[in-house]
Amino acid sequence: MTTSKPKQAFLHTSAYSGGLPDTCPDVEHSVSAAGTPHDAFALPGQGCHPDQSIARVTAVDRNHYVVRNAEGEVPAKLTGRAAYTCESPVDMPCVGDWVRISYHDAGSRASILDVLPRQSFLRRKRPGDTVEYQMIAANIDVAFIVQSCHFDFNVRRLERYLVMASEGQIEPVVLLTKADLITPEALEQLFSQIRHAGIGARVIALSNVSGLGVEQLRELIQPGKTYCLLGSSGVGKTTLVNRLVGGCDLATGAVSLSGEGRHTTTRRQLIVLESGGLLIDMPGMRELGMLGVGDGINDSFSDIQFHSQRCRFADCTHTREPGCAVQDAIAGGELDEGHFRNYLKLKKESEFLDMSKLEKRNRDRTFGKLVRSINKAKGKRKEY
Ligand SMILES: Nc1nc2c(ncn2[C@@H]2O[C@H](COP(=O)(O)OP(=O)(O)OP(=O)(O)O)[C@@H](O)[C@H]2O)c(=O)[nH]1
Ligand SMILES: [Mg+2]
Ligand SMILES: [Zn+2]
């Protein structure tokens, strides 16, 4: 195997005179707000060890990665050591992550040494009964929450996505796609449902068929910022990416008559727009579990928080207490009841998952103790 000098023209390598840092603390891990796609992968500030480089993960397919920096895009693998030091699946690299890499095979491949701290993230509970997070993407500036006007629209699910974005420090923008399939009156109705639920995020109606809203969206995308498309399968995320990119031809899928989407996009990938904006297309989500999203819930349901300040009891659950300002607001028509019920549901779910996680940790700890005591006993036996 030939090893070549790593490509790192864009890095200042004088930052570290001593030993290898575990991470690169001096690196600003946001994409520089530069005007070209090339510059979008150049990092400001200092870099790492001379033999290493910083790159961004642009695609993930199980344990195969693609990383990119100003020098170009190469396939990459996580080193065994890096994988070993990942304490949980969320520590593994995901799309949008900035990673420290070293090149090999004449610069045609890279090894991921570690993941730099994330500035924002999108995560969800792993599908199934486990109580673990799954990292979806990192270092996102704006999440486009996509719902189709046609079959997919659901305010309660929208609220879930908003909580998710808010928990990860990401600004949400709602996109209502396939507006060509409903009447302007029906579209107006959807807008009012969103406002009625107290959702204050920006909402854009779109159609990939008529082109409605596409320019508005294009104008919103700023160079150097990272955007992602979140939403169910078949709502038109990839079609939109293809439209925005121009010349890009990612696979899209026809939707069955029932309106239900098949999963056409199977991996997450980061695409560079001509304008210099970065867009992550995602596969549609089936299950939108959440975990420990206390702050996210409070941010997304700020109207409920606002009313609850006037509840008689500080620990009011807003369900049966006297003097509850939230219940008063519902009775007075100021708060939507469905919105409030969803708030309770998400809160309960999040608390339950937090609890399960705590139980799991305690169980693991007890198990760890048991293993250690058995090993100790074995060690003692050997001494005899
Ligand atoms: N009528 C109409 N159809 C659209 C629109 N946008 C996309 N479609 C169609 O919807 C189907 C699904 O589109 P995709 O772009 O593959 O959907 P997706 O959200 O990427 O789906 P996954 O990759 O499975 O998550 C395709 O047949 C598109 O042609 C639109 O604005 N109007
Ligand atoms: Mg797709
Ligand atoms: Zn109350």
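Summary of computed values
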item	result
Over 22 Å [Cα-Cα, segment 55-190], rounded percent	50 percent
Residue order, fewest to most beta carbons within 10 Å, for 140, 112	112, 140
Exceeding the 32 Å Cα-Cα cut-off - candidates 77/125; 178/225; 77/345	77/345
Gain on full stretching of the segment that runs from residue 314 to residue 302 - 0.36 nm per residue minus C-alpha separation	2.7 nm
Förster radius 30 Å - calculated FRET efficiency between residue 274 and residue 109, Cβ distance, rounded to 0.05	0.60
Relative exposure of 157, 118, 320, judged by other C-beta atoms within 10 Å (fewest first)	320, 157, 118
Net charge of neighbours whose Cβ lies under 12 Å from the Cβ of residue 176, counting Lys and Arg as +1 and Asp and Glu as -1	-1
Label-point separation, residue 192 to residue 334 (7 Å along Cα→Cβ), nm	2.2 nm
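Taken together, the values in this text are just the output of simple stated rules run on the coordinates, not laboratory data. Computed from a prediction, not measured in an experiment: that's the story for all the values here. Neighbour counts run over all protein chains shown; Cβ positions are idealised from the backbone, glycine included.
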